[in-house]
Amino acid sequence: MHVRRRPNAHRAWSKSKREWVQPLDVLVVQAFDQYVDERLERLGAGGSDFLLVNLFGAPLGAPMSPAAMGELFDRLSERAKLERKVGPHMARRAFGSNVADADGSWDEVRMLLGQEHPGSVAPYVIPDRSRVREAVERVASPRELSGRGVR
């Protein structure tokens, strides 16, 4: 997915001033294919070139507002019978965390999230607990470092 910073009706700008490419996994591509089919059926071939547009509420074909996006995520969370509601930012955090858990470097996470500054990645990476436990296990104890070993 190609992300470009540009004005829209909701003043919801991409935070990054530069353009960037967001890779998508096969499940997202399949879901988007279904969305595009429904979009074409409802709106025809014309309309907005924004990624997500209103298909049911007025104005049809206009970029989806942040509030409408939140409502969509709420409905999807309920439909999936999740214990808690999932929002767009949680999906972003999950993606960043999954890249880190797959041994992605912070530079890779930063690039994939379209972040400008290295420090801006931190809120998006929540390490898997098993990976944190493995990191603790890799640290040698003082006894092991002194050569005395553990008794």
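The values are calculated or read from the model by the stated rules, or taken from the named source; none is laboratory data. This is a predicted model, so every value here is computed, not measured. All Cβ positions, glycine included, derive from the backbone under ideal geometry; neighbour counts span all protein chains shown. Side chains are part of the model used for accessible areas, which takes the heavy atoms of the whole protein and leaves out ligands, DNA and RNA. Shrake-Rupley method; radii C 1.70, N 1.55, O 1.52, S 1.80 Å.
Annotations
- Only one entry in 146, 141, 77 is farther than 27 Å from residue 18 by Cβ, under 20 Å from the mean Cα position of the chain (by Cα) and polar (S, T, N, Q), namely 77.
- Test result for residue 63, open to solvent by less than 70 Å² (accessible area, probe 1.4 Å), more than 25 Å from residue 131 (Cα to Cα) and not polar (S, T, N, Q): yes
- Cross-chain or 6+ apart pairs with Cβ under 6 Å, region 19-31 first and closer than 19 Å to residue 73 by Cα and of a type outside the set (Gly, Ala, Ser), then open to solvent by 70 Å² or more (accessible area, probe 1.4 Å) and in a loop (DSSP other than H, G, I, E, B): 24/1
- Within region 28-49, considering residues that are modelled with pLDDT of 85 or more, open to solvent by 90 Å² or more (accessible area, probe 1.4 Å) and under 22 Å from the mean Cα position of the chain (by Cα), the one nearest to residue 96 (Cα to Cα): 30
- In region 131-151, the qualifying residues are those that are of a type in the set (Gly, Ala, Ser) and in a helix (DSSP H, G or I), and the one that is most open to solvent (accessible area, probe 1.4 Å) is 146.
- Considering residues of region 83-130 that are surrounded by 13 or more Cβ atoms within 10 Å (Cβ to Cβ), among the basic types (Lys, Arg) and assigned to a helix (DSSP H, G or I) only, the residue farthest from the chain's Cα centre (by Cα): 110
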